[in-house]
1. Taking Cα centroids, how far is segment 193-241 from segment 107-157 in Å?
2. Could you work out the percent of alpha carbon pairs in segment 10-64 separated by over 19 Å, rounded to a whole number?
3. At 7 Å along the Cα-to-beta-carbon direction for both Ala41 and Asp57, put a label point, then send me their distance in nm to one decimal.
4. Return a whole-number percent for the relative contact order of the chain, with Cα pairs under 8 Å and 6 or more residues apart as the contact set.
5. Filter the GluC sites (Glu not before Pro) in segment 1-87 down to the DSSP loop ones having no more than 16 other Cβ atoms within 10 Å, then list what survives.
6. What ranking, highest mean first, results for peptides 129-141, 254-266 when packing means the other Cβ atoms within 10 Å averaged over each residue?
7. Run through segment 1-108 and list the chymotrypsin sites (Phe, Trp or Tyr not before Pro) located in a DSSP loop whose Cβ has at most 15 other Cβ atoms within 10 Å.
8. Quick check: residue separation of Arg86 and Asp163 times 0.36 nm, minus the Cα distance between them. What number comes out in nm?
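Read-outs throughout are calculated quantities, based only on the coordinates presented, and are distinct from any laboratory measurement. All figures in this text were calculated on a predicted structure; none of them were measured in a lab. Cβ coordinates were reconstructed from backbone atoms using ideal geometry, including for glycine residues, and neighbour counts include every protein chain displayed.
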Amino acid sequence: MTSTVAVIGLGAMGLPMATRLAGTFDVSGFDIAQPRLDLAAGQGVRAATSAADAVADAEVVLVAVRTGEQLESLLFGEQPLSEHLRPGAVVLLTSTVGTAGIAEVAARLEAIGAHLVDAPLSGGPVRAGEGDLLIVVGASDMALAVARPVLERLASTLTVVGDRPGDGQALKTVNQLLCGVHIAAAAEALALADALGLDRERTLEALQAGAAGSFMLGNRGPRALQAYDDEGAEVLSRLDIFVKDLGIVGDAARAAHLATPVAAAAEQLFLLGEAAGLGDRDDSAVIRVVAPTRRAKER
């Protein structure tokens, strides 16, 4: 039974995951930002003095980074974390970084007696703290057996999609294509409703009750309606995350020689949003790319 876990990266997702795990496991955590360490320490996580200190005794090392380049640098860079992993340790990759290089990272870990569990997740910070994440996994049976107690503590839906690291990233790439397109489509639809003089809240309610309804419309729609407020919607998923993720989709599609024109169009909307200074806003703020201001007529 896995009992010791390290969490490297105590950001928007890493901290609530570490806190959730601390209710069951002996958890150490590290982040380069001292305020994040202080928050973790107040919620039952041992604040390590370094990443190496955090992983010294850990059976599972949960890594929450932003890109594949950051993963490579963390594990094998100037201060390689891989040199401090205990024999048999499992690196649990929870980030969406794409399939490129994942097989190579797994092979390098195997060469030193460690293992990679590829487990990108969806759900946001609140659901992370509640153990209500969707996690898709690609990993060998042996590595998965070590990581499974940690994954089950974090996930309400845990789907093993393959036995190779990279399989999880592949499915998450497909998932992000749909999510990005759905958010962009919801933004266009609500902007059109506004331009036609329709009541936005009633429109959203009616759409959700029919065939046009979707999870993203119901989830992002109300936040898109707040995008024009001075403070905007609460940031539950940053717009620039979809700049990254739809870039991953595009890279994967080109590598497979597959045309994805709808995803490419959605990517351009998010890129325009980032260029307009909306990168740190909730991703529902992409509606302001389609319609920078509200246009509803007085009724």
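1. Taking the Cα centre of segment 107-157 as reference, the centre of segment 193-241 is 32 Å away.
2. Details: 167 of 1485 pairs.
Looking at segment 10-64, the distances longer than 19 Å represent 11 percent of pairs.
3. Taking the two extended label points, one gets 1.8 nm.
4. Details: 572 pairs, mean separation 42.0, N = 299.
Averaging sequence separation for qualifying contacts and normalising by length gives 14 percent for the chain.
5. On the way: sites: Glu59, Glu69, Glu72, Glu78, Glu83; in loops: Glu59, Glu78.
Counting only loop positions with at most 16 other Cβ atoms within 10 Å, the GluC sites (Glu not before Pro) in segment 1-87 are Glu78.
6. On the way: 129-141: 20.0, 254-266: 12.8.
Peptide ranking by packing, descending: 129-141, 254-266.
7. Values: sites: Phe25, Phe30, Phe76; in loops: Phe25.
Loop-located and lightly packed - none at all.
8. Numbers: separation 77, 0.36 × 77 = 27.72 nm, distance 2.27 nm.
Going from the current span to full extension adds 25.4 nm.
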